Every structure is written in C-alpha cells, then in structure tokens.
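See below for the structure under consideration.
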Amino acid sequence: MKYTQEEVVLRAQEGDKESFSLIVEKYSSIVYNLAIYLMNNKEDAEEVTQEVFLRVYKGLPKFRRDCSFYTWLYRITVNLCHTKNKRKAWNKFILFSQMPSAEQLFSQPETSIYSQPEKLILEKEKYIQLERALKALPLNYRTPLILKEIEELPYEEIAQILNCSLGTVKSRIFRAREQLRKIFTSLSNKKEREDEM
C-alpha cells in the first residue's frame, strides 16, 4: 500500500519505524546536497545529514505541522549547519567547494561547447571566478541565495526556513546578488590584470 507524504510523516510521528526509514530514504540526498553547500567538506556534510535525521526522529512527535515537513526539514538542516559553523568560529564559510565541476554544469548535449575547446576553457574560468565570488559572500546572504537559486525554493518558504520576514529574505537575496556582481567584477578585473603581466 502506498502512502502520501503526509501519511508517512503521520505514521512516523506515531512511532512507525518503517515510515521513518521511508523519510530518510526520500530526503537524505536532499539534506546532504544542502549541507554540502553550507559546510566545508563532504565529511561535515555527512555528519550534518546524520544529525539532521537524528533530530528529526527525536522531534517528530512534537512536529505540529504548522509548516510543511519539507520546510521543517530544511529549517533543521540550515540551523544545524549554522550552529556547527559558528561553533568552529569560522568567519568565512566555504559554500561552493563541492559544487559540480564546470564540465558537469556545461555538458548539455544540445550545446556545442565540447566542439569548441576554447569556449569550454573560458566557461570553466568564469565558473571558477563565480565560485570564488560566492565564497566571499557573508553567510546571511549566501544561505537565502542558495535556497533561491540552487534549491529553487519560493521566497515564502525561504522565509519560513530562515524564520524571518518575506521582506528580509528578498532584501538579503537582492543584496547578495549585488555583492556577488561586485565581487565577480573585481575578480574578473584582477584576473585580466594578471593575464596581462
């Protein structure tokens, strides 16, 4: 018998271990992918993923369903990543060190990028510069930007996850994009100057 997500969550809340296993199976890669953007390395992301599901298991009986399970799970993941990073006293957080390679990002067969090696090199250089620019963004701007641009969540859900107003989310994403543009431009100019030497 196939259950809806809501039924699986409800059954897990009532202590059904099989339902909880279904939750872990369905959401572990989603949690891991978000954690890897917010943590420094794969090991930290794996540790966060395990701890998230431990917290979910302990917290499920108290889950009131005042938001979607998905939103609640994202909130736990983001909060745990932030807490772990603060505990390590990192002033700057590396979000994109484990991003897919440029080849993976630009490997759509319908493009002719592979038939033009010089174009692939230029795209890869742009990707590396973008990655550096993203690393330079403050965490409170990077997190909503990732949730919007990478995870493709609506503004309202991001506000719920970050426990802040819709206006704050939109403002931070706008500022993140502006800072990203300035940082990216600065890095591009620096690279051009280096190439001229």
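Derivation of every value follows stated rules applied to the coordinates shown; laboratory data play no part. Given the structure is predicted, the values throughout are model-derived calculations rather than measurements. With ideal geometry, Cβ positions are generated from the backbone for all residues, glycine too; neighbour counts draw on all protein chains shown.
Structure notes:
- Here the dipole of the stretch 5-87 is about 400 debye; that uses its Cα centre as origin and unit charges on the Cβ of Lys and Arg (positive) and Asp and Glu (negative).
- Local net charge near Leu145, Cβ-Cβ under 13 Å (Lys/Arg +1, Asp/Glu -1): +4
- Near Leu10: Cβ cut-off under 11 Å, other residues only, Lys/Arg at +1 and Asp/Glu at -1. The net charge is -2.
- A cut-off under 14 angstrom between Cβ atoms defines the neighbours of Cys164, and their net charge, with Lys, Arg +1 and Asp, Glu -1, is +3.
- Pair Cys67, Glu43: separation of 7 Å Cα→Cβ label points (nm): 3.1 nm
- The stretch 5-87 pair-distance distribution - Cα-Cα, 10 Å bins, rounded %: 19, 52, 25, 4
- Neighbour-limited loop hits for GluC sites (Glu not before Pro), the stretch 13-57 (at most 10 other Cβ within 10 Å; DSSP other than H, G, I, E, B): Glu14
- Over 28 Å (Cα to Cα) - which of Lys58/Lys170; Lys62/Lys170; Lys42/Lys170; Lys26/Lys58; Lys17/Lys170 fall in this group: Lys58/Lys170; Lys62/Lys170; Lys42/Lys170; Lys17/Lys170
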